[in-house]
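Asker: Please read through the structure below; I'll follow up with questions.
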Amino acid sequence: MSSMPEKLLNKTTCVLSPLGDSAIVITFGNEMKYGIHKKIKMFMDLLEDEPFAGFIECVPAFTNLTVFYDPLVIYKNQKQSNETETISPYEVVRSILETKLEDLKEDKKLTHRTVSIPVCYGNEYGPDLEYVARYNNLTTDEVVHIHSNGEYLAYMIGFAPGFPFLGGLSEKISAPRRSSPRMTIPAGAVGIAGMQTGVYPISTPGGWQLIGQTPTKLFLPNVDPPSLLQAGDIVKFHPISTQEYKEMILKEGV
Amino acid sequence: MSLRVIKPGLLTSIQDLGRKGFQQHGVIISGAMDPYSLRIANMLVGNKEGEAALEITLMGPTLKIEKNCLIAITGGNLSPTIDSQTVPMWKPVYVKKGTILRFEGCKSGCRSYLSVAGGYAISTVMNSKSTYLRGEIGGFKGRALKVDDVVDFNVTSTILINREFKESFTAPKWFVNDKEFMPSRMPAIRFIDGSQSDYFTDSSKVSFTENLFKVSNQSDRMGYRISGPLLELNEKRELLSEAVTNGSVQVPPDGNPIILLADSQTTGGYPKIAQVITADLPMIAQIKPGESIQFSRVTLKEAEQLFLQKEQQLKELKVSISLALKKQQVI
C-alpha cells in the first residue's frame, strides 16, 4: 500500500510517505517533544536554504514535516536527463530528500527567537479566568502568575493564519475546553485548552477557556512573513493593565 | 468603471491559482476550486493561465458591463445571458459596454469562471489575487462581491480598443470541447490511500469505494461534508495535528468524511482515509450539494500519470487556442 512506511533511514530515523501526488510527509517520531521538533526545524531550514527545483514550501508539525512540490517541474527536469523510463515525481523527490536527510547534522544547536506577548488578563478580557482558577483550586492571581512565568515553544503554526500551537503549559493551570464552544472569539484572545495555550489571531468560533486578551497582532497580511510567530519561537506572556492595553490598541491603530 | 454588480449571486469571488508558500504561517492556499476551467478561461482571452478571474457559484450574479471587453466563461453551465440572449461558453466573446450579463440558473456543474482580457485590476496580497474569505484578505476587498461593487479591469489590447462594437456580443464559431474538462456524466472520483488509511477498519475501507457518498448542504470552498456508511477506526486513536491539503479526506469521530478543498485549513488532526488525486479535484468543484460521489482507488503512480496527462492536454489546448486567436486577430 502506498501509504505504508517506505524506507527507514539509519542516520536520522524517519519515514517518508506521500500526501497525495504533490507532497511528501517526513515523519521524525511519534510524540510531541523537543528532540523531534529540533530535527524538523533543522531539516526545514536546510531545505529552505537550498531548495531543490520544484520545491514549493514545507509545513512543520509536531512530529513531521510536509514538503510540497510541483510534480510538473520535477517531471520536466527529469525528462531532460532520462528519456525512456516512466518518471514518478514522488520517487524523484523522495530520493532528493533522502540524500538531504543524510546531510542533517543533529549535533548542531538550534537557536530560538524569544517573543514576548503582552496580555491583559481577566475581567471582560478573560471571561474564563475565574473558571480556570476555580478548576485548579488557585486564585486568579496565581493563574496569571503561572501563565506569565512559563516559556512556551511554538511547535507549529496552523488552524488559522498566525495561530501558534504552543507546548509547555503548566499542569497546574490546565483546564478542559468549554462544553459549548463560543460562536465567536475575538482576535487577540489568549486561551487554555487541556495542556495547550494559545492566541487567536483572527476572530473564529472556538471552545477554549479565555483568560486574557493581547493587543499584539499575530496575523500580519502585509508583512513578510505574515505571521508574528514562527515554528521554533519561544513565546512568553507578560501581564499588562487595562490602561496599558487600551493605549497599545490605540497605537496599533485598531 | 468596468463591471458593476447589480446582484451579487450566491458567492462570487476573485480567484487565481492560489497563494502558495505561506502555509507554514497558517495562511491557506485558496484559489479556484476548478483550476482547469480557470486556466482555460484565461487562455481564451489571451491572459496568462494563472490570471485572476471571477469564480461564480450556483446562482450567478447580474453584472453591468461598463467597458467594451473580451470575456470567456468556462466551468459549470449557470446559463449566462447578455441582454437576455444566451452567451456561448468555452470561447472568447466580445461584449459591448452597457450590456447586462446575467446567470439565469444552474444547468450543469456548480462553478463558472468569468475571465476578461487584460485581467481584473486587483492587487496581489502575498503573491496572489485570490480572495481568502475567512482571513478577509486578497481579491476584491477580501470578500465576496456585493451589490454596487465596481470591479475594474485592464484593457490592454489595442485591437480591442479600436474594434467597433455593434452587437451586444459577438463570438467566433470555434470553441473548446468541454467534454474532457466537464464530463456530462460525473465519473468516479479517484484517490490514493490517505496517510492514516490503515487506522480504519477493513470494512470501512471497503465501504468507502463500494458506496455512494452524498454531498451535504454544509459544503463550501473549505470542504465538502459527505455522508454514506459511517467510517470507523480500528481503535480510538489521538492524532497530533499535521499538514492537510486540497483533496485530503479526513474523518472526524462522527464517521462522516470531509473532503478538504481550495480553502482547506493548513493543518488538521483527524485521520485521513484518502487523498483525492490532483487531476480529479476540479471535478469535485463541479459537484453540487445533494449529488453523490463514487470513489475509486488508484495507485500513486497512476495519479501522477493522470496529472501529467491533463497538463499535456492543457498545453496542447493552449497552443491551439493561441493559434485560433492569432488567426482571427482576436487579441
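Asker: Under the Kirkwood approximation applied to all pairs of distinct alpha-carbon atoms, what is the hydrodynamic radius of the protein assembly as shown in Å?
Answerer: 25.6
Asker: Hey, can you rank A:131-143, B:280-292 by average C-beta count inside 10 Å, highest first?
Answerer: B:280-292, A:131-143
Asker: Another question, if that's okay. With the dipole of chain B worked out from charges on the C-beta (+1 for Lys and Arg, -1 for Asp and Glu) around the Cα centre, which of B:S184, B:P282, B:L101 lies farthest toward the positive end?
Answerer: B:L101
Asker: With +1 on each Lys and Arg Cβ and -1 on each Asp and Glu Cβ, how big is the dipole of chain B about its Cα centre, in debye rounded to the nearest 20?
Answerer: Using only the charged Cβ atoms, the result is roughly 1140 debye.
Asker: Given 10 Å bins starting at zero, what is the percent of C-alpha pairs of the range B:199-256 in each, up to the one with the largest pair distance?
Answerer: Over the range B:199-256, the share of Cα pairs per 10 Å bin runs 19, 51, 29, 0 percent.
Asker: Quote the Stokes-Einstein diffusion coefficient, in whole µm² s⁻¹, for the range B:53-113, based on the Kirkwood radius over alpha carbon pairs, a temperature of 37 °C and a viscosity of 0.692 mPa s.
Answerer: 288
Asker: Can you give the percent of C-alpha pairs in chain A whose distance is more than 31 Å?
Answerer: So the portion of pairs separated by more than 31 Å is 36 percent.
Asker: Same structure again: Quick check on the protein assembly as shown: of the DSSP beta bridges with both residues there, what percent are antiparallel, nearest 5%?
Answerer: Roughly 90 percent of the DSSP beta bridges within the protein assembly as shown come out antiparallel.
Asker: Write down the percent of antiparallel bridges among all DSSP beta bridges whose residues are both part of chain A, to the nearest 5.
Answerer: If we restrict to bridges inside chain A, about 85 percent are antiparallel.
Asker: If you place +1 on the Cβ of every Lys and Arg and -1 on the Cβ of every Asp and Glu, how big does the dipole about the Cα centre of the range B:205-278 come out, in debye to the nearest 20?
Answerer: Details: 7 positive and 8 negative charges, 22 e Å.
Computed about the Cα centre, the dipole is about 100 debye.
Asker: Normalised by the empirical 2.2 N^0.38 Å for globular proteins, what value does the Cα Rg of the range A:73-137 take? Let's see the in-between values first.
Answerer: Working: Rg = 26.1 Å, N = 65, 2.2 N^0.38 = 10.7 Å.
Normalised Cα radius of gyration, the range A:73-137: 2.43.
Asker: Rolling a 1.4 Å sphere over the protein heavy atoms, what is the accessible area per residue of the range B:212-282, to the nearest Å²?
Answerer: With the other protein chains kept in place, the range B:212-282 gives 38 Å² per residue.
Asker: In whole percent, what relative contact order does chain A give with Cα contacts below 8 Å and a gap of six or more residues?
Answerer: Dividing the mean separation by the residue count of chain A yields 17 percent.
Asker: Further question on the same structure: Relative contact order for chain B: what percent, with Cα pairs under 8 Å and sequence separation of 6 or more?
Answerer: So the answer I get is 20 percent.
Asker: If a/c stays under 1.5 just call it rounded; otherwise compare a/b with b/c (prolate if a/b is bigger, oblate if not). Do that for the range A:141-254, with a ≥ b ≥ c from the square roots of the Cα gyration tensor eigenvalues.
Answerer: Since a/c stays below 1.5, the shape of the range A:141-254 is classed as rounded.
Asker: Within 10 Å of each Cβ of A:65-72, how many other protein chain Cβ atoms are there on average? If you can, show how the numbers build up before the last one.
Answerer: Working: counts 3, 9, 1, 6, 0, 1, 6, 5.
Mean inter-chain Cβ contacts per residue within 10 Å come to 4.
Asker: Beyond 21 Å, what percent of the Cα pairs of the range B:100-212 remain? Display every interim value, and only then the final one.
Answerer: Values: 4196 of 6328 pairs.
When all Cα pairs of the range B:100-212 are counted, 66 percent exceed 21 Å.
Asker: To continue, here is another question. Suppose R0 equals 35 Å. What FRET efficiency, 1/(1 + (r/R0)^6) with r the Cβ-Cβ distance, do A:H112 and B:T209 give to the nearest 0.05?
Answerer: Using R0 = 35 Å, I get an efficiency of 0.15.
Asker: Expressed in nm to one decimal, what extension gain is obtained for the pair A:L138 and A:S95 from 0.36 nm per residue of sequence separation less their Cα-Cα distance? Intermediate results must be reported in sequence, preceding the final value.
Answerer: Working: separation 43, 0.36 × 43 = 15.48 nm, distance 5.40 nm.
Gain in length upon complete extension: 10.1 nm.
Asker: Taking a probe of 1.4 angstrom, what is the accessible area of B:L323 in Å², to the nearest 10?
Answerer: Accessible surface of B:L323 is approximately 110 Å².
Asker: Hey, what's the Kirkwood Rh for chain B if you take every pair of different alpha carbons, in angstrom? Mind dumping the intermediate values first?
Answerer: On the way: mean 1/r = 0.0487 Å⁻¹.
The answer is 20.5 Å.
Asker: Okay, moving on. Mind checking which aspartates and glutamates have their C-alpha under 18 Å from A:K41, skipping anything on the same chain fewer than 8 residues away?
Answerer: Answer for A:K41, where 18 Å is the Cα cut-off: A:E31, A:D49, A:E50, A:E57, A:E98, A:E102, A:D103, A:E106, A:D107, A:D233, B:E242, listed by chain and number.
Asker: As a test of the definition: with a 1.4 Å probe, what buried accessible area, both sides summed, do you compute for A against B, in Å² to the nearest 100?
Answerer: 3600
Asker: Percent of accessible area on the protein assembly as shown owned by carbon and sulfur, 1.4 Å probe?
Answerer: 49
Asker: To the nearest 10 square angstrom, what accessible area does A:K246 show with a 1.4 Å probe?
Answerer: Taking all protein chains as shown, A:K246 has close to 110 Å².
Asker: Taking the range B:85-163 as the region of interest, what is the percent of Cα-Cα pairs per 5 angstrom bin, listed from the shortest bin to the one with the maximum distance?
Answerer: 3, 10, 17, 22, 21, 16, 9, 2, 0
Asker: Which far-off residues, 5 or more places away or on another chain, put their amide H under 5 Å from the one on B:S195, with H placed in the peptide plane?
Answerer: Correct list: B:K272.
Asker: Between their Cα atoms, which of B:K64/B:K166; B:K129/B:K310; B:K214/B:K288; B:K67/B:K166; B:K129/B:K272; B:K91/B:K288 are more than 19 Å away from each other? List each step's numbers first, then the result.
Answerer: Working: B:K64/B:K166 17 Å; B:K129/B:K310 24 Å; B:K214/B:K288 10 Å; B:K67/B:K166 13 Å; B:K129/B:K272 30 Å; B:K91/B:K288 24 Å.
Where the Cα-Cα span goes over 19 Å, the pairs concerned are B:K129/B:K310; B:K129/B:K272; B:K91/B:K288.
Asker: Right, another one. Over all residues in A:192-203, what is the mean tally of Cβ atoms on other chains that come within 10 Å of each residue's Cβ?
Answerer: 1
Asker: Might you work out the accessible area of A:D49 for me, using a 1.4 Å probe with all protein chains in place, and round it to the nearest 10 Å²?
Answerer: Approximately 120 Å² of A:D49 is accessible to the 1.4 Å probe.
Asker: Let me ask something else about it. Would you list A:Y34, B:Y120 from the most to the least accessible area, probe 1.4 Å?
Answerer: On the way: A:Y34 100, B:Y120 0 Å².
Result, largest first: A:Y34, B:Y120.
Asker: To continue, here is another question. When the helices in chain B are scored as -39500 (n - 2.57) per DSSP H run of 4 or longer and the sum is shared across all residues, what 222 nm value do you end up with, to the nearest 500 deg cm²/dmol?
Answerer: Here the helix-only value at 222 nm equals -5500 deg cm²/dmol.
Asker: Kirkwood Rh over Cα pairs of the range B:1-72 into Stokes-Einstein at 10 °C, 1.306 mPa s: D in µm²/s? Before the final figure, lay out each step's value.
Answerer: Values: Rh = 13.5 Å.
Taking Rh from Cα pairs, D becomes 118 µm²/s.
Asker: To continue, here is another question. Give me log10 I(q)/I(0) at q = 0.11, 0.13, 0.15, 0.20 Å⁻¹ for the range B:149-272, Debye formula, one equal scatterer per alpha-carbon, no solvent.
Answerer: Log10 I(q)/I(0), no solvent term: -0.57, -0.68, -0.79, -1.19.
Asker: Quote the relative contact order of the range A:8-114 in percent (integer), defining contacts as alpha-carbon pairs under 8 Å separated by 6+ residues.
Answerer: Values: 133 pairs, mean separation 29.0, N = 107.
Taking the mean separation of contacting Cα pairs over the length of the range A:8-114, I get 27 percent.
The values are calculated or read from the model by the stated rules, or taken from the named source; none is laboratory data. Bear in mind that the values here come from a model prediction, so they are computed numbers and not experimental data. Positions of Cβ are backbone-derived with ideal geometry, glycine not excepted, and every protein chain shown enters the neighbour counts. For accessibility, only protein heavy atoms count, side chains too; no ligands or nucleic acids. Shrake-Rupley method; radii C 1.70, N 1.55, O 1.52, S 1.80 Å.
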